[in-house]
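Notes follow the structure.
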Amino acid sequence: MVARIINSVLLFCAGAIFGFIGTVAHQSSVTLAGISVPWGLIVALVGSACLLAGIRLVSIGRIPTLMVALGLLISITVLSFKSAGGSVLIPDNLAGKVWVIAPVVIAAIVIAWPRVVRVRADA
């Protein structure tokens, strides 16, 4: 029981750290051939999807994935507010709106995905 609680806290922290890093990096972009490519947003979304899907694949239940998703989404929510100095980490632009909404959709899909159990042929 204690191991599950510690595991849940660590998974929550991992999601929160990833949410913080993704929030800081999601506005990064590079211009290629006159087109602005939001590489920070792409990497943050792909990384969050891989993190959530990876935890879902290696864990038996949905609780570990739920803990990662809660950490990720709570950190994004907290960092979306104005700070005391008035600075904003998630501005009101397309990349900011996608970064706020897409992790929620990704987390909902990954958590709701059914567990596929393979039957061994030699058993």
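Summary table
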{"item": "At R0 = 25 Å, FRET efficiency that the Cβ-Cβ distance of Val37 and Arg4 yields, to 0.05", "result": "0.05"}
{"item": "Sequence-separation-based contact order of the range 2-112, relative, with Cα cut under 8 Å and 6+ spacing, percent", "result": "34 percent"}
{"item": "Cβ-placed point charges (K, R +1; D, E -1), dipole of the range 33-123 about Cα centre in debye, nearest 20", "result": "260 debye"}
{"item": "Using θ = phi - 60° and Karplus 6.51 cos²θ - 1.76 cosθ + 1.60, couplings along the range 72-81 (whole Hz; Gly, Pro as x)", "result": "4, 6, 5, 5, 5, 5, 5, 6, 7, 7"}
{"item": "Extent along principal axes [Cα atoms of the chain; Å; largest to smallest]", "result": "58, 38, 17"}
{"item": "Additional length obtainable on full extension of the chain from Ala84 to Val58, 0.36 nm per residue less Cα span", "result": "5.3 nm"}
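Laboratory data are not the source of any read-out in this text; all were calculated from the coordinates shown. In this text, all values refer to a predicted model and were calculated from it rather than measured experimentally. Glycine gets a Cβ as well: all are built from the backbone with ideal geometry, and neighbour counts include every protein chain shown.
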